[in-house]
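Reviewing the structure listed below.
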Amino acid sequence: KNQVEQSPQSLIILEGKNCTLQCNYTVSPFSNLRWYKQDTGRGPVSLTIMTFSENTKSNGRYTATLDADTKQSSLHITASQLSDSASYICVVSAFGGNKLTFGTGTQLKVEL
Amino acid sequence: DVKVTQSSRYLVKRTGEKVFLECVQDMDHENMFWYRQDPGLGLRLIYFSYDVKMKEKGDIPEGYSVSREKKERFSLILESASTNQTSMYLCASQTANYGYTFGSGTRLTVV
């Protein structure tokens with residue numbers, strides 16, 4: 001069964017600090033992995049998308065890594081801001097691309 | 001930028017009512033999707049459509065139907081709303097590089 005597991009479930013950090021969110025998956029055959037940011041009460045917004053051959057991708061202060069051998073991904077947030085407070089969702093697509101498997105997200109809170 | 005618009009941000013409906021959730025995208029995408037999102041469960045696929053008048057069941061289609069009469073519009077229908085359908089509903093449209101764009105969501109409460 002295709003699964004995506006994220007850790008930690010929730011995280012509180014101080015503004016300006018860095019943090020790393022984890023995603024482990026068992027989706028096969030692997031096509032691509034995406035990270036989304038979802039603000040409370042809003043739809044998810046894409047941060048990065050990586051295919052099998054990519055092992056890192058950046059979007060501003062967000063950097064995603066992918067290890068297709070160990071089936072792990074991480075999202076690193078640098079110099080966090082209050083606006084980074086949101087849920088971060090890891091989504092993995094099997095080959096063919098139409099059906100996605102979603103993680104349950106990591107709820108990040110950035111405090112002063 | 002691709003825009004996916006869901007017609008309502010918040011809806012309150014009574015048990016047994018027929019409910020229509022509308023989604024419109026402006027990029028001529030073939031593929032559109034309806035998900036529901038519940039705490040601790042993540043997003044679950046209800047239905048998707050890969051062309052006009054074409055639809056496929058997702059993982060949790062029971063109690064729902066869909067309509068795609070025009071390419072830009074994908075509607076989710078709750079034939080007889082029940083309290084267990086209280087949820088956040090998200091529409092998505094698929095871009096050429098397999099990227100998804102989500103709408104802002106509709107929070108439906110069935111009382």
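No value in this document is a laboratory result; all are computed from the given coordinates. All values derive from a computational prediction rather than experimental measurement. All Cβ positions, even for glycine, are placed from backbone atoms using ideal geometry, and neighbour counts span all protein chains on display.
So which of B:Lys18/B:Lys53; A:Lys37/A:Lys109; A:Lys1/A:Lys71 end up more than 19 Å apart by C-alpha?
B:Lys18/B:Lys53
With a cap of 14 neighbouring Cβ atoms within 10 Å, and only residues DSSP puts in a loop, list the GluC sites (Glu not before Pro) found in segment B:25-111.
B:Glu30, B:Glu62, B:Glu79
Taking only Cα atoms and a 10 Å spring cutoff, compute GNM fluctuations for chain A and point out the largest among A:Leu14, A:Leu75, A:Leu47.
Largest GNM mean-square fluctuation: A:Leu14.
If you build a Gaussian network model of chain A, linking Cα atoms that sit under 10 Å apart, which residue out of A:Ile49, A:Ile77, A:Ile12 swings the most?
Evaluated over chain A, the most mobile residue of the options is A:Ile12.
Looking at A:Gln22, A:Phe102, A:Thr63, which one has the Cα that reaches farthest to the positive end of the dipole of chain A (charges on Cβ: Lys, Arg +1; Asp, Glu -1)?
Of the listed residues, the answer is A:Phe102.
Which value results when the Cα radius of gyration for segment B:49-94 is divided by 2.2 N^0.38 Å?
Details: Rg = 11.2 Å, N = 46, 2.2 N^0.38 = 9.4 Å.
Rg over 2.2 N^0.38 Å, computed on Cα atoms: 1.19.
Let me know the mean shielding of A:41-54 by other chains, meaning the per-residue number of their Cβ atoms within 10 Å of its Cβ. Show your work: numbers first, answer last.
On the way: counts 6, 7, 16, 10, 3, 5, 0, 0, 5, 0, 2, 0, 0, 0.
Mean shielding count: 4.
Net charge near A:Asn32: determine it from the other residues with C-beta under 15 Å of the C-beta of A:Asn32, scoring Lys and Arg +1 and Asp and Glu -1.
Details: positive: A:Arg34, A:Lys57, A:Lys71, A:Lys99; negative: A:Glu54, A:Asp67.
That works out to +2.
DSSP beta bridges in the protein assembly as shown, what fraction antiparallel, as a percent rounded to 5?
90 percent
I need the P(r) histogram for the protein assembly as shown: all alpha carbon pairs, bin width 10 Å from 0 out to the longest distance, whole percents.
With 10 Å bins starting at 0, P(r) equals 8, 33, 35, 19, 4, 0.
What is the magnitude of the charge dipole of chain A about its Cα centre, with +1 placed on the Cβ of each Lys and Arg, -1 on the Cβ of each Asp and Glu, and no other charges, expressed in debye to the nearest 20? All intermediate terms of the calculation are to be shown ahead of the outcome.
Values: 10 positive and 8 negative charges, 47 e Å.
Dipole magnitude for chain A comes out near 220 debye.
Nearest 20 debye, what's the magnitude of the dipole of the protein assembly as shown about its Cα centre given +1 on Lys and Arg Cβ and -1 on Asp and Glu Cβ?
380 debye
Under 5 Å between amide hydrogens, which residues at least 5 positions from A:Val27 or on another chain qualify, with H placed 1.01 Å from N in the peptide plane?
So A:Val27 has HN proximity to A:Gln3.
Per residue of segment A:60-72, what does 6.51 cos²θ - 1.76 cosθ + 1.60 with θ = phi - 60° give for ³J(HN,Hα)? Whole Hz please, x for Gly and Pro, Karplus curve as stated.
x, 7, 9, 10, 9, 10, 9, 10, 6, 6, 8, 6, 10
With 5 Å bins from zero, work out the P(r) of chain A over every alpha carbon pair and list the percent per bin.
P(r) over chain A, rounded to whole percents: 2, 13, 24, 26, 19, 10, 5, 1, 0.
Using θ = phi - 60° and the Karplus form 6.51 cos²θ - 1.76 cosθ + 1.60, what ³J(HN,Hα) does each residue of segment B:47-52 get, whole Hz, x for Gly and Pro?
8, 9, 9, 10, 5, 4
Residues of segment B:71-108 with amide nitrogen under 20 Å from the 7 Å Cα-to-Cβ point of B:Asp38?
B:76-92, B:105-108
For segment A:1-84, which GluC sites (Glu not before Pro) are both in a DSSP coil and crowded by at most 14 other Cβ atoms within 10 Å?
A:Glu15
Extending each Cα 7 Å along its Cβ direction at A:Ser83 and B:Asp59, get the distance between those two points in nm, one decimal.
Here the answer is 3.2 nm between the modelled labels.
Connecting C-alpha atoms closer than 10 Å in a GNM of chain A, tell me which of A:Phe102, A:Phe52, A:Phe30 has the biggest fluctuation.
A:Phe52
Suppose R0 equals 22 Å. What FRET efficiency, 1/(1 + (r/R0)^6) with r the Cβ-Cβ distance, do B:Ser67 and B:Thr5 give to the nearest 0.05?
Numbers: r = 17 Å, r/R0 = 0.75.
In this case the efficiency is close to 0.85.
Report the net charge of residues surrounding B:Met54, where surrounding means a beta-carbon distance below 13 angstrom and charges are Lys +1, Arg +1, Asp -1, Glu -1.
Numbers: positive: B:Lys53, B:Lys55, B:Lys57, B:Arg68, B:Lys70, B:Lys71; negative: B:Glu30, B:Asp51, B:Glu56, B:Glu69.
Summing Lys/Arg as +1 and Asp/Glu as -1 gives +2.
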